[in-house]
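The block underneath contains the structure these notes are about, expressed in C-alpha cells.
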Amino acid sequence: MEGVGKRYRRGARSSLRARFFGRTQAAQWVDVLHDVDLTVHPGDVVGVIGRNGGGKSTLLRVAAGLTEASAGQVRRHATVSGLLALNASASAELSAADNAVTAAVLAGLSPRQARARLGQIAEFAELDDATMREPFRTFSDGMRLRLAFAAAAVTEPELLLVDEVLAVGDFAFQEKCLAHIENLTRQGCSVLVASHVLDHLRRLATRVVWIRSGTIYHVGDPGKVLDTYERSMDEYPGAPQSLSGGGFRKGDGGVRLTQVTCLDRNGVEVSSVARGDAVSVRLEYERHNAEGHANFGVALRRVGSDLAIIDLTTEGSGAGWTTLADRGAVTLTLDRLDLEPDAYWVDTGSYSTDWVVPFDYHWDALQLQVLGRPASGPVQPPHRWSSS
Amino acid sequence: MRPREAEPRLAFERRTALLVGHLTAREFRIRYHSAILGWVWAIAPTMARVLVLGVLFSSLLPNQSEVYVAELAVGLLGWSWFSSGVSNATRSAVDRRDLLAQPGVPRQVVPVVSVLTDAFDYLAALPLLLVIVYIDAGGVSVEALLFPFFLALQGALVLGVGMAASVADVRFRDARLAVDLVLALGFYATPVFYTREALPADLRYLLDWNPMAHLLEAQRDVLIYGTVPSAISLGLLTVVCLAVLTAGWHLHRRKAATFLDWL
C-alpha cells in the first residue's frame, strides 16, 4: 500500500426523504485513513493496534479490496482470505455441516474440496458428526464462532486478514487458533491481524503497526511498539506527581491546568454548594505544546470512592474539542447539582483530541461539599410525593 | 491438523462459476428446505394465480381467444420471474452485505445468484407450463425450440435492471419501494393476463416501449401459436436486452467498489 487514504462522507443523506425534506447541512468528508504506507511480505505477520475508531478495520477492508481507497494505491499479489465477518451467509435452518461447507467455499475452496474437508473442519472445531447435522440455529455463539474459524482455517490463503476474532471461544481453542496461524506463516502465508489482545500480537506478530487518527503513528518491532502502546494507555504520562496544594497529577504537561476552581451561580469561588444549586467548574490552562485543540473533562466522585458519579467531557457533551489559546479557561456549568449531600472530589483533565495522550490530569486535589438534609442514594433529583 | 495435500488453486473464472452454482443451490434449499412439500411451494403461487385468473377472465370476458389459459400461463409465469427477479436483485446488495464483506467473492456474484435463484423457481414450474400449453393449444410445435433463447434474453433483462436498481438501493433505501411500485403497475401495463389484440387500438403503441411486452409476446409466439417473430423485432429485442444487461453490469461494477461504505 502506498499513500493509501480513505474518506467517508459523514452526514450524507441516505434516503430520498432526507434529501428532499432534510435540513440543508452539507455532507462532510472525514479522513478515516490518510497516507498509509504498508507492505506485507510472504510470511510476515503484521499486527495492527490502535484505539477504536482509529482506522484499523478500515485499513483491513481496504487491504482486502472490499472497499476502494480514495487515494493512493493498493497492490495485491496474493489470494486474500479474511476473517472479517464471521458466519457470512449462514442459514439458521440448514445444518451446521452445510453452513461450514458454504463458509469454506466463500473462503476460496471449490464445493467439492470443501465437502472433502468437512471432516477436518469438524475436527478443528471439536464438533462431532451428530452435532454437525443439527440445524445451525441450535448452536451457541461460541460454537458458531468455532465453526466459522475452523472453516476458514482449512483453506490455505496467501494473505489472511483477521479482525478481532482471535478472542474466540475458550482458552484452549484460542491457543489452537494461534498455533494454526503460526503454522500457516511457516508455510509462507502472510497475516494482517487487528487485535486488542496485545499478548496475542506479542506472540504472533513480526511487525506491529500502530494506527492513530487514521495514519501510521509507530511501526516496527512488536515488543517496542506494543510496550509504547501499552504505556500510552497507562504509564506513558509517567508516575503520579504530588501537587503543591494537595492531590496528584499525571500527564505530559502539554496543556497544563494551572488553576481549578468551583464557582457558584454568581461566579464567586466556593467550596460547598447546596443540593440542587448551580455550580461551575473553571479550568484555567497554559499551553506548552503546539496542539491547536484539546479535550477537557471533569469528574465528580465521592471522597473514598473510585466510582465517578459525574463524568463529563467536552467531546462527550457534544461541544467538541476546545480550540486552545496560549492561556485560557474552560468552564463546565451544571445547572443543578442533585447529588446526595456529602464530600466529593472534583477530578479534572486535559487530553489530546484522540484521547491517547493525557496532557494533564488532576485528582484528589479539589473538594466540593454538597450541603443539605442527609439522604440515601447517590442522586437526589428534584421530586415530590403525592397520594390520592 | 493433518498435513494438507497440495491442491492446485482454481482459476478465477472456474471458482466464480462454482461459487455461483453453490450459492444458488443453497438459496433454493434455504427457501424450501424447511417446508414439507419442498419445491411444490415454488410453483404453487403461480399455478394458483393461473387458475384463479383463468376462471375469472374466461367467465368475465367471454370473447377471449381459444387458448386463453395457455396465454395466461406463459404471461403470468414470465412476469412472476421478471417481477420477483428484479425485486430481489434490487435488495440483494443491502440484504446480502455479509457476502460483500468476503474478500474472495466478486461483487457481481450477489445479484447473479439472486436472479438465478428466481430463475430456478421458473424452471421448476416449466414442466407444468408445457403441460398446460400442450392441453390448451393441442400440442407444441417445433418453433418452441426457440423458447430457451427468449428465457435467456429475459434473464439478461432481469439481471441488467436488477443490478442497476441495486446500485440505487445502496444509496437510497427508497429504491426498493419504488421498484416494487413500478413492478406492481407493470403487471397491468404489460400484456400478462391479456394480449395486445385485447387492447383498444389507440393504446397498443404503449406496449411498443415495454421490452417485457415484446418478450412475453415472443414467448407466446413460439410456444403457443407456433410462429417466429420477425427478424427485425427479434434483433431489436436481443439488442435491447443485452444493452440493458451491459449498462446495468457496468454501472454495478463502477459503483460496487464502494458499496460497503454505504452499508
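Any read-out appearing in this document is the output of simple, stated calculations on the displayed coordinates, not a laboratory observation. Source: prediction; values computed, not measured. Don't worry about glycine lacking a Cβ; one is built from the backbone with ideal geometry, like all the others, and counts go over all protein chains shown.
The calculated FRET efficiency for A:Glu134 paired with A:Gln367, based on their beta-carbon distance and R0 = 41 Å, is about 0.10.
Scanning chain B for DSSP H helices at least 24 Å long along the axis (C-alpha atoms) with a Kyte-Doolittle mean no lower than -0.5 picks out B:12-32, B:40-60, B:68-95, B:109-137, B:147-171, B:231-256.
By the compact-protein rule of thumb, 2.2 N^0.38 Å, the alpha-carbon radius of gyration of chain A corresponds to a ratio of 1.26.
Mean sequence separation of contacting Cα pairs (under 8 Å, at least six apart), scaled by the length of the stretch B:3-262, corresponds to a relative contact order of 26 percent. Loop sites by DSSP among the GluC sites (Glu not before Pro) of chain B, restricted to those with at most 15 other Cβ atoms within 10 angstrom, leave B:67-263 as the longest stretch without any of them.
Farthest towards the positive end of the charge dipole of chain A, among the residues A:Leu226, A:Ala63, A:Thr155, is the Cα of A:Ala63, using unit charges on the Cβ of Lys, Arg, Asp and Glu. Modelled spin labels at A:Ala278 and A:Glu182, positioned 7 Å past Cα toward Cβ, are 6.3 nm from each other. Quick check on the protein assembly as shown: of the DSSP beta bridges with both residues there, what percent are antiparallel, nearest 5%? Looking only at bridges with both residues in the protein assembly as shown, the antiparallel portion is about 75 percent.
Partner shielding of B:92-105 amounts to 6, given as the average count of beta-carbon atoms from other chains within 10 Å of each residue beta-carbon.
Going through the DSSP H helices of chain A, which span 20 Å or more along their own axis at the Cα atoms while scoring at least -1.0 as a mean Kyte-Doolittle hydropathy? Those that clear 20 Å and a mean of -1.0 are A:171-186. Whole Å is fine, so just give me how far the alpha carbon centre of the stretch A:347-388 lies from that of the stretch A:32-51. Computed from Cα coordinates, the inter-centre distance equals 41 Å. Averaged over the residues of B:253-261, the number of partner chain Cβ atoms lying within 10 Å of the residue Cβ comes to 4. Dividing the summed -39500 (n - 2.57) terms of all DSSP H runs of n ≥ 4 by the residue count of chain A sets its mean residue ellipticity at 222 nm at -6500 deg cm²/dmol.
Evaluating 6.51 cos²θ - 1.76 cosθ + 1.60 at θ = phi - 60° for every residue in the stretch A:359-371, the Karplus couplings come out as 7, 7, 9, 10, 9, 6, 10, 10, 10, 10, 9, 9, 9 Hz, glycine and proline recorded as x.
Spin-label model, B:Leu51/A:Ala329: points 7 Å from Cα along the beta carbon direction are separated by 8.5 nm. In chain A, excluding the sites themselves, the longest stretch lacking any of the trypsin sites (Lys or Arg not before Pro) that are in a DSSP loop with at most 14 other Cβ atoms within 10 Å is A:134-264.
Here the 3J(HN,Hα) profile of the stretch B:193-198, calculated from phi with Karplus coefficients 6.51, -1.76 and 1.60 at θ = phi - 60°, is 9, 9, 10, 3, 5, 6 Hz, Gly and Pro shown as x. The distance linking the stretch B:50-80 with the stretch A:274-342 is 76 Å (Cα centroid to Cα centroid, whole angstrom). Put simply, the amide H of A:Ile310, placed in the peptide plane, has neighbours under 5 Å in A:Leu300, leaving out anything fewer than 5 places away on its chain. Bridges between two residues of chain A, per DSSP, are antiparallel at a rate of about 75%.
Centre-to-centre, using Cα atoms only, the stretch A:204-224 and the stretch A:177-197 are separated by 16 Å. Kindly provide the chymotrypsin sites (Phe, Trp or Tyr not before Pro) of the stretch A:320-359 that DSSP labels as loop, not H, G, I, E or B, and whose Cβ sees at most 14 other Cβ atoms within 10 Å. Passing sites in the stretch A:320-359 are A:Trp355.
Residues considered: B:Leu99, B:Leu61, B:Leu77. Largest GNM mean-square fluctuation over chain B, using C-alpha springs under 10 Å, is found at B:Leu61. Using label points projected 7 Å from each Cα along Cα→Cβ, tell me how many nm separate B:Leu206 and A:Asn289, to one decimal. Computed distance between label sites B:Leu206 and A:Asn289 equals 7.0 nm.
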